[in-house]
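Comments concern the structure below.
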Ligand SMILES: Nc1nc2c(ncn2[C@@H]2O[C@H](COP(=O)(O)OP(=O)(O)OP(=O)(O)O)[C@@H](O)[C@H]2O)c(=O)[nH]1
Ligand SMILES: [Mg+2]
């Protein structure tokens, strides 16, 4: 069938996956990405197989499929959605990517050097100052962003400053807008109490700026200045984390993707590094600090899962930074540091964890860092902020319409209404019964009283009559006693 022709409606007992099988089989686009396989290869059988019951396929016994009566459209012509990843790719190239990186650590730990090494660009000069072309940008940026940094009145100028530099870098036609936020002065004072506060404020102000931009009516292009990752540089003491390190990590781990690194790890031996990493991990775990971990998905292949696990176990990354090229004993020119006893190669994974840090931060998980910032960290900040402003969630507004749920709710409401009506009717009936009972009781009492009254009257009359009878009998007896002859005579006469 050609594109544009009317689609054929078929009644089939096959699973819906199979409908795409025919598309892929008939018209596999010439430039279709390899990742998109014909769906037939997913379940391994065509549309007529599901109804056949148990099937033997490549040594696998497929369970018997239930008889599904599905009406579906068979698409056997060109549709074109297999090209969607290419559209996405073009769009990404056009738009470019951005990464806002926060670097925190005591002075001289090699932060600027590591940034230069990571992006293979001289963002900072040898003195650690932004290079000339970035200096102007730095001023502009810090002015704009510092506006939103509201410092309470009377508060002293902090010893920790926030410096931002931005630059666009390009690799194989892919553009990356990189912003590095540095916090010079952190941990350098005699008293470092609350020295992380300006940094936390900076992170919050960037969230606020984004939240504000989102809430504007006109929000064509929202500049994302939110911090996507925070590289925290740990001094290579080989001992344990300092209290300041722990306090900083606790203050920021809910606000940005925290990635700790052991700076200048070339001064530690391999055993010392392992031991130091173990101590750091235990300390962070005990303090409840959450580090950025690459996410794992159910469709990930074995290699991805293994690589992800390896990255997790290597944290905190023991790194070495250098942009200088040095010669190795075997004559290669490499980025590294040269010592009297040998050369440390930056890009050699057996020499340091630099390669793994780069994989996590740029090569493999840059988008995940951005996504976690957007979906987890910013969301958390946003809901806490709105709640602190007294805004409450009204679930009845913008609620998704689910007909089944709606029907259920309506049924419940109806049942509740019926129950209420029934209860009301029962109450009215009971009241009427009570009233009637009272009335009957009253009339019964009245009748009883009348009956008693009449009985009393009759008893009185009876008594009076009996008295009269008695009197008569007495008087008669007296009379007969007084005149017995007469009585006899009378009796005789009778
Ligand atoms: N041994 C060793 N030295 C390094 C490493 N990275 C940088 N350095 C050196 O450490 C010194 C300070 O490096 P920077 O990159 O300026 O350090 P920073 O942390 O940016 O310093 P501030 O900006 O002052 O806070 C420089 O002399 C670097 O050459 C490293 O991995 N190992
Ligand atoms: Mg620096």
So residue 34 ticks every box in (1) loosely packed, with under 13 Cβ neighbours inside 10 Å; (2) at pLDDT 70 or above; (3) part of a loop (DSSP other than H, G, I, E, B) but one. Which box is left unticked? (2)
Test residue 231 against the criterion of being within 16 Å of ligand 2 (Cβ to nearest atom) and more than 21 Å from residue 337 (Cα to Cα), and give yes or no. yes
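Collect the residues in segment 329-360 that are in contact with a strand residue (DSSP E or B) (Cβ under 9 Å, 6 or more places away or on another chain) and more than 16 Å from ligand 1 (Cβ to nearest atom), keeping them in residue-number order.
Selection gives 329, 332, 333, 360.
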Look through 240, 230 and report the one residue that is closer than 18 Å to residue 288 by Cα and under 25 Å from the mean Cα position of the chain (by Cα). 230
On the given criteria, is residue 170 loosely packed, with under 15 Cβ neighbours inside 10 Å, modelled with pLDDT under 90 and assigned to a strand (DSSP E or B)? yes
Give the residue that is farthest from residue 350 (Cα to Cα), with candidates limited to residues of segment 297-309 that are surrounded by 12 or more Cβ atoms within 10 Å (Cβ to Cβ) and touching a helix residue (DSSP H, G or I) at 6+ places or on another chain (Cβ under 9 Å). 300
So which residues in segment 351-367 are in a helix (DSSP H, G or I) and over 15 Å from residue 226 (Cβ atoms)? 354, 355, 356, 357, 358, 359, 360, 361, 362, 363
For residue 320, state whether it is under 25 Å from residue 109 (Cα atoms), without any contact (Cβ under 8 Å) to a residue 40 or more places away in the chain and surrounded by 15 or more Cβ atoms within 10 Å (Cβ to Cβ). no
Considering every residue within segment 208-222, establish whether at least one is under 30 Å from residue 286 (Cα atoms) and assigned by TED's automatic domain parsing to the domain that holds residue 294. no
In segment 363-391, which residues are under 15 Å from residue 259 (Cβ atoms) and under 25 Å from the mean Cα position of the chain (by Cα)? 364, 365, 366, 368, 369, 370, 372, 373, 377
More than 57 Å from the chain's Cα centre (by Cα) and either outside the structural domain of residue 175 (by TED's automatic domain parsing) or touching a residue at least 24 places away in the same chain (Cβ under 8 Å) (or both): does that describe residue 437? yes
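Of all residues in segment 324-350, which are buried (at least 17 other Cβ atoms within 10 Å of the Cβ) and touching a helix residue (DSSP H, G or I) at 6+ places or on another chain (Cβ under 8 Å)?
Selection gives 335, 337, 344, 346.
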Cβ-Cβ distance below 7 Å, separation of 6 or more or different chains: which pairs start in segment 102-113 with a residue that is in the same structural domain as residue 247 (by TED's automatic domain parsing) and end on one that is within 6 Å of ligand 1 (Cβ to nearest atom) and part of a helix (DSSP H, G or I)? 103/111; 105/111
Please enumerate the residues belonging to segment 91-115 that are part of a loop (DSSP other than H, G, I, E, B) and away from ligand 1 (no atom under 13 Å from the Cβ). 96
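The values are calculated or read from the model by the stated rules, or taken from the named source; none is laboratory data. These numbers come from a predicted model, not from an experiment. Note that we place each Cβ from the backbone using ideal geometry, even for glycine, and neighbour counts take in every protein chain shown.
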